[in-house]
Amino acid sequence: MTKLAEELYEEGRMEGHMEIIRNMLRKGMKIEDIAEMTGLPKQEIEELARGQAH
């Protein structure tokens, strides 16, 4: 795979992860639980949650 293809693949993969996290937040899951399940920092999930509130 070329470097550009790898970057595009990773970008798409990350966007998919973010969509799953947004769905978890919409379902009312606790930020702490989402962080534990995804391995993402709590702060990053809080930022996503704030972005959804607007």
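The values are calculated or read from the model by the stated rules, or taken from the named source; none is laboratory data. Just so it is clear, the model here is predicted, and its values are computed rather than measured. So basically every Cβ, Gly included, is an ideal-geometry build from the backbone, and we count neighbours across all protein chains shown. For accessibility, only protein heavy atoms count, side chains too; no ligands or nucleic acids. Shrake-Rupley method; radii C 1.70, N 1.55, O 1.52, S 1.80 Å.
Summary table
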item: Residue count, the range 1-31 (criterion: open to solvent by 100 Å² or more (accessible area, probe 1.4 Å) and part of a helix (DSSP H, G or I)); result: 7
item: Within the range 33-46, considering residues that are exposed (fewer than 11 other Cβ atoms within 10 Å of the Cβ) and under 11 Å from the mean Cα position of the chain (by Cα), the one nearest to Gly16 (Cα to Cα); result: Gly39
item: Pairs where the first residue, in the range 5-31, is within 18 Å of Lys42 (Cβ to Cβ) and the second is modelled with pLDDT under 85 and in a helix (DSSP H, G or I), C-beta under 7 Å, 6+ apart; result: Arg22/Gln52; Leu25/Gln52
item: Criterion violated by Gly51 - all others in (1) loosely packed, with under 10 Cβ neighbours inside 10 Å; (2) at pLDDT below 90 satisfied; result: (1)
